Structures are given as structure tokens and as C-alpha cells.
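Here's the structure we're looking at; comments come further down.
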Amino acid sequence: MPAGMTLRRGRVRGLTTADTIAGMPRQTLPAHLDDGYRRFRTGRYALERDRYRELAAGPQRPPTMVVACSDSRSAPEAIFDARPGELFVVRNVAAMVPVYAPDRRAHAASAALEYAVLALGVGSIVVLGHGRCGGIAAAIDERAPLSATDFIGTWVASIRDLAADVEASEAATLHTAVERRSVEQSLANLTTFPWIRSRVAGGRLELIGAWFDIALGELHALGAGGWRPIEEA
Ligand SMILES: [Zn+2]
């Protein structure tokens, strides 16, 4: 180990000099992450060691991309019990796919879509919404401090338009309806990308809408008959 570097429990290797630099991120992991990492090393990584090495030796080839919300309760890797290398994931507030806009500005979700479809050749894209979505609620309720002038207010502005079109008798029903309507909108927006539209038309790419009920741990999918829970065997 080079001089001046120390290695302590919970510290990031080689970054200890950052202690002297004001404003640098903390180097000690929060205890729950530190504990989780240790469980990963002795549990999942130990079990999947060969698979990780195999995946590191070549390019990733995930069969599926998931567009999910950033919500801590709706993690696609957990819901689909995914193994390393299985899902290519982009997450943002409310799992939103923008319309195709090649305006040379930076578009995070569009860049991820482009990479997944054109570079990785995924065979399916799942848009995964979920219940009790804070992003959707921000659009419906315009709760302070998440006003229209904040980042999130601007981000969910298109959902506000969707909410205006949805009729519901009670708040819970309205939120669920808008959460699902937002997934449908994102699916429609996916087809504005020419290289997605052509692959869907050619049968090489499948677009799937899904919505996760956090309380029940239940996944619903959008089909020809509307939204239905996925049947369990
Ligand atoms: Zn959400």
C-alpha cells in the first residue's frame, strides 16, 4: 500500500487524503450500507462469484431494460429477483420516458435508451410505475415545497396534464389511475424514438407496462384488457 494511505473498516481505499479537502464527500459508509456490503460480499457475491467474473470478461448482454422510479420501495432488481447482468436500469422520478428530442441537450433517460437499444440490443423495455409514487403525487397535489418552480415541479409537469384528464372519485383511486396513465404515456413516448419504433414494428423489441403495488408486493401489467395483476402459479 502506498505511503500515506490507510485502510480502515468502512473507509474507501486510497481516498483518505480527501479528509483534508473541505467539501469532499464522507468516506465512511453509513452503517446500513457498510453492513449490506459485507452481506453482499459473503452472501450474494460469494454465490455469484463465477457469474461476476464471466460478466467482467466480456461485454454486458442484458436481455431487458427497465425504466423505473427512483423510489426506494420499487427497486426492479428486487421485484424481478434479478441476477447481475440481467437488467439494464434507468431510474428517475416517476419512471418517466421523455419524447424523442434530438436537440443536442443532455437527456439522461434518452441516452440510456439509446445505449440499451442500439449498443446492447435489449429485446424488451419495461416501464415500471408503482403505487404511492411521490413524483405522481407532487404532480397531482402540487405540495409545497415541490412547486412548479422547483426541479421536480418542472419534471412532473407532463403528468399534471395527464391528471387533468383522469376522472376518479377518491384520492387513492386518482393517484393509482394517474400512476398507470403515466406508464402508458411513457410507453407511447418510447415509440417516438425512431430506432425503438422500427424495432417494435419488426418484432425485435417488446414494450411492456407494469405497475407495482408496494403494500401487497404485487405486480400488475398492461395488456389488451387493461391493467391486470400478474397471475402467480
Ligand atoms: Zn415513484
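The values are calculated or read from the model by the stated rules, or taken from the named source; none is laboratory data. Remember, predicted model here, so these are calculated numbers, not experimental data. Neighbour counts are summed over all protein chains in view; Cβ atoms, including those assigned to glycine, are modelled from backbone coordinates with ideal geometry.
Do the conditions hold for Arg73, that is, is it assigned by TED's automatic domain parsing to the domain that holds Thr191, more than 16 Å from the ligand (Cβ to nearest atom) and assigned to a loop (DSSP other than H, G, I, E, B)?
Values: assigned by TED's automatic domain parsing to the domain that holds Thr191: yes; more than 16 Å from the ligand (Cβ to nearest atom): no; assigned to a loop (DSSP other than H, G, I, E, B): yes.
No, not satisfied.
Inside segment 190-233, counting only strands (runs of 3 or more DSSP E) that do not spill past its ends, which hold 3 or more residues that are of a type outside the set (Asp, Glu) and more than 16 Å from Val66 (Cβ to Cβ)?
Details: elements: 206-213, 218-223, 226-229.
By residue number, 226-229.
Quick one: would you say Val178 is touching a strand residue (DSSP E or B) at 6+ places or on another chain (Cβ under 6 Å), assigned to a helix (DSSP H, G or I), within 16 Å of the ligand (Cβ to nearest atom) and on the phi < 0 side of the Ramachandran plot?
Details: touching a strand residue (DSSP E or B) at 6+ places or on another chain (Cβ under 6 Å): no; assigned to a helix (DSSP H, G or I): yes; within 16 Å of the ligand (Cβ to nearest atom): yes; on the phi < 0 side of the Ramachandran plot: yes.
So Val178 does not fit the description; no.
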>> Report every pair of residues separated by at least 6 positions or lying on different chains whose Cβ atoms are under 7 Å apart, first residue within segment 31-49 and more than 16 Å from Pro84 (Cβ to Cβ), second of a type outside the set (Phe, Trp, Tyr) and surrounded by 12 or more Cβ atoms within 10 Å (Cβ to Cβ).
In response: Asp34/Gly10
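Scan segment 87-125 residue by residue and report those that are within 15 Å of the ligand (Cβ to nearest atom) and either within 20 Å of Pro63 (Cβ to Cβ) or among the hydroxyl-bearing types (Ser, Thr, Tyr) (or both). Walk me through it before giving the result.
To start, the set of residues in segment 87-125 that are within 15 Å of the ligand (Cβ to nearest atom) comprises 89-97, 109.
Passing the criteria: Val89, Val90, Arg91, Ala95, Val97, Ala109.
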> How many residues does segment 204-221 hold that are over 18 Å from the mean Cα position of the chain (by Cα) and more than 20 Å from Ala119 (Cβ to Cβ)?
Replying inline: 2
>> Any residue that is surrounded by fewer than 12 Cβ atoms within 10 Å (Cβ to Cβ), modelled with pLDDT under 95 and over 26 Å from Ala108 (Cα atoms) - is there at least one of those in segment 149-160?
In response: no
> In segment 187-196, is there at least one residue being of a type outside the set (A, V, I, L, M) and under 18 Å from the mean Cα position of the chain (by Cα)?
Replying inline: yes
>> Which pairs turn up if I take residues in segment 171-195 that are assigned by TED's automatic domain parsing to the domain that holds Ile214 and look for partners that are surrounded by 13 or more Cβ atoms within 10 Å (Cβ to Cβ) and among the polar types (S, T, N, Q) with beta carbon separation below 8 Å, at least 6 apart in sequence or on another chain?
In response: Gln185/Ser158; Phe193/Ser110
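Please go through segment 196-210 and give me each residue that is closer than 19 Å to Gly223 by Cα and either β-branched (Val, Ile, Thr) or touching a residue at least 60 places away in the same chain (Cβ under 8 Å) (or both), ordered by number.
From segment 196-210, those closer than 19 Å to Gly223 by Cα are 197, 200-201, 203-210; that's our starting set.
Across segment 196-210, the qualifying residues are Val200, Arg204, Leu205, Glu206, Leu207, Ile208, Gly209, Ala210.
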> So Ala78 fits all but one of (1) in a helix (DSSP H, G or I); (2) more than 16 Å from the ligand (Cβ to nearest atom); what number is the exception?
Replying inline: (2)
